[in-house]
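The block underneath contains the structure these notes are about, expressed in structure tokens.
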Amino acid sequence: MSDKQVIKDNPQERELGNVTVSKEVVAIIAAQEAIKIKGVVGITSGYRSKSNNVLPKKDLTKGVEVWMKPGEAAITISIITAYEVGIFKVAEEVQRRAKDAIYSMTGLDVLKVNVNVQGVKFKEETNKLKKEKKEKQKETAK
């Protein structure tokens, strides 16, 4: 199956051509929406790697699998949540926001959004991760 799919059959396609979106773009949209949600500590590389390490921002798409057919997509996102929030509510919010964002940005019908919660971080671990991120940002800014 191709990494790019035609989004919609365009009745004026003879004049305008086709619009295609790659799996990578769909994965980026889903990942960016997921990390914005309160309670999502980060995205992990998924159940295949058996790793609960949070991926750096440049590699977020490694935690998102995308399956596409013409005009449709299905995705799986592997996340790590904060212990202090309801895991189920966080997962539902990831599903809803990813589906809405993908549809609004690409026009693809999102058939399903599977969320794999790969780990839970406690408040101390979450604070440590945030502190490390800030330090890395300061280093890269120099």
Across the stretch 83-99, the tally of residues that are farther than 20 Å from Lys123 by Cβ and of a type in the set (D, E, K, R) stands at 4
Would you please name the residue that is farthest from Gly71 (Cα to Cα), looking only at residues in the stretch 113-142 that are in a helix (DSSP H, G or I) and among the aliphatic types (A, V, I, L, M)? Ala141
Flagged pairs (Cβ under 7 angstrom, 6 or more apart or on separate chains; first in the stretch 55-78, in contact (Cβ under 8 Å) with a residue 60 or more places away in the chain; second among the basic types (Lys, Arg)) are Met68/Lys23; Gly71/Lys8
Scan the stretch 96-119 and tell me whether some residue there is in contact with a Ser or Thr (Cβ under 6 Å, 6 or more places away or on another chain), among the polar types (S, T, N, Q), more than 22 Å from Lys136 (Cβ to Cβ) and surrounded by fewer than 14 Cβ atoms within 10 Å (Cβ to Cβ). yes
With the requirement that a residue be assigned to a loop (DSSP other than H, G, I, E, B) and either at pLDDT below 85 or in contact with a helix residue (DSSP H, G or I) (Cβ under 8 Å, 6 or more places away or on another chain) (or both), what does the stretch 46-105 give you? Gly46, Tyr47, Arg48, Ser49, Lys50, Ser51, Asn52, Asn53, Leu55, Pro56, Tyr83, Glu84
Using the structure shown, decide if Val110 is assigned to a strand (DSSP E or B), modelled with pLDDT of 75 or more and closer than 16 Å to Leu55 by Cα. no
Only unsatisfied item for Lys36, checking (1) within 13 Å of the chain's Cα centre (by Cα); (2) among the charged types (D, E, K, R); (3) modelled with pLDDT under 95; (4) more than 21 Å from Lys134 (Cα to Cα), is (4)
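The values are calculated or read from the model by the stated rules, or taken from the named source; none is laboratory data. The structure displayed is predicted, hence computed values, not measured ones. With ideal geometry, Cβ positions are generated from the backbone for all residues, glycine too; neighbour counts draw on all protein chains shown.
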